[in-house]
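Okay, so here's the structure we're looking at.
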Amino acid sequence: MTTRPTTCSIGRAMDLLGERWTMLILREAFWGVRRFTELQRNLGIARNILSARLQALVAAGILERRLYHEEPERYEYVLTQKGRDLYPAIVAIMRWGDKHLSEGQAPPLVLRHSCGGDAAPHLACAHCGEPVDPRDITPEPGGVASLA
């Protein structure tokens with residue numbers, strides 16, 4: 001049995017992302033919604049909660065706050081590279097929900113790639129390219145070099 005590390009990337013990520021509104025804000029950002037009023041309207045979220053979540057995402061470097069109007073000052077929220085790197089995880093969660101929580105209904109949204117095919121996350125071994133199954137994985141101590 002592998003010794004558990006004292007720090008966990010899943011735990012750290014969930015400290016930041018593991019709240020419903022945060023994930024829905026990211027969904028909207030991936031769909032091109034950038035402005036506070038549009039986010040509030042689309043999500044039906046209270047202003048104070050939206051403001052707090054946006055501030056946390058900006059502080060974490062996932063969103064960038066950009067001025068788009070000077071008088072009065074208005075800002076939009078744009079995904080950074082760090083934020084865009086969350087896309088496969090967001091799509092994987094969506095697809096999991098489609099498969100296991102749909103109660104027999106068709107998915108409410110299908111993602112199409114520019115080639116016309118269905119876009120779906122695919123986790124594969126970086127070495128052999130085979131699909132990854134949790135039964136084929138052995139957790140081992142890592143470090144910064146193992147993330148390359």
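So which residues in segment 74-111 are of a type outside the set (A, V, I, L, M), in a loop (DSSP other than H, G, I, E, B) and within 27 Å of GLN55 (Cα to Cα)? Talk me through it step by step, then tell me what you get.
Start the filter on segment 74-111 by keeping residues that are of a type outside the set (A, V, I, L, M), which leaves 74-77, 80-85, 87-88, 95-100, 102-105, 107-108.
Still in the running and in a loop (DSSP other than H, G, I, E, B): 80, 85, 102-105, 107-108.
Result: THR80, ASP85.
Exactly one residue among ARG41, ARG53, ARG35 is touching a helix residue (DSSP H, G or I) at 6+ places or on another chain (Cβ under 9 Å), of a type in the set (D, E, K, R) and on the phi < 0 side of the Ramachandran plot, and that residue is ARG53. If you go through segment 52-64 and keep only what is in contact (Cβ under 8 Å) with a residue 12 or more places away in the chain and either surrounded by fewer than 13 Cβ atoms within 10 Å (Cβ to Cβ) or assigned to a helix (DSSP H, G or I) (or both), you end up with ARG53, LEU54, ALA56, LEU57, VAL58, GLY61. Just one of (1) touching a His at 6+ places or on another chain (Cβ under 9 Å); (2) farther than 23 Å from LEU39 by Cα fails for ASP136. It is (1).
Tell me, yes or no, whether segment 84-99 has at least one residue that is loosely packed, with under 10 Cβ neighbours inside 10 Å, closer than 25 Å to GLY18 by Cα and at pLDDT 90 or above. The answer is no; no qualifying residue exists. What tally of residues in segment 31-51 results from selecting those that are surrounded by fewer than 16 Cβ atoms within 10 Å (Cβ to Cβ), of a type in the set (A, V, I, L, M, F, W, C) and more than 18 Å from ILE90 (Cβ to Cβ)? Going through segment 31-51 one residue at a time, the tally reaches 2. When every residue of segment 13-26 is checked against the conditions, at least one turns out to be within 12 Å of TYR77 (Cβ to Cβ) and either exposed (fewer than 11 other Cβ atoms within 10 Å of the Cβ) or of a type in the set (Val, Ile, Thr) (or both). Quick check, is VAL78 at pLDDT below 90 and touching an Asp or Glu at 6+ places or on another chain (Cβ under 7 Å)? Answer is no for this residue. In segment 72-82, is there at least one residue being within 29 Å of HIS122 (Cβ to Cβ), exposed (fewer than 11 other Cβ atoms within 10 Å of the Cβ) and either polar (S, T, N, Q) or over 12 Å from the mean Cα position of the chain (by Cα) (or both)? For segment 72-82, residues within 29 Å of HIS122 (Cβ to Cβ), exposed (fewer than 11 other Cβ atoms within 10 Å of the Cβ) and either polar (S, T, N, Q) or over 12 Å from the mean Cα position of the chain (by Cα) (or both): present. So the check is Cβ under 6 Å with 6+ separation or different chains; which pairs have a first residue in segment 1-30 that's closer than 15 Å to ALA89 by Cα and a second one that's charged (D, E, K, R) and modelled with pLDDT of 90 or more? As it stands, the answer is THR22/ARG53; ILE25/ARG53, since those pairs meet every condition given.
The values are calculated or read from the model by the stated rules, or taken from the named source; none is laboratory data. Keep in mind it's a predicted model, so treat the numbers as computed, not measured. Because the Cβ atoms are built from the backbone with ideal geometry, glycine has one as well, and the counts that use them run over all protein chains shown.
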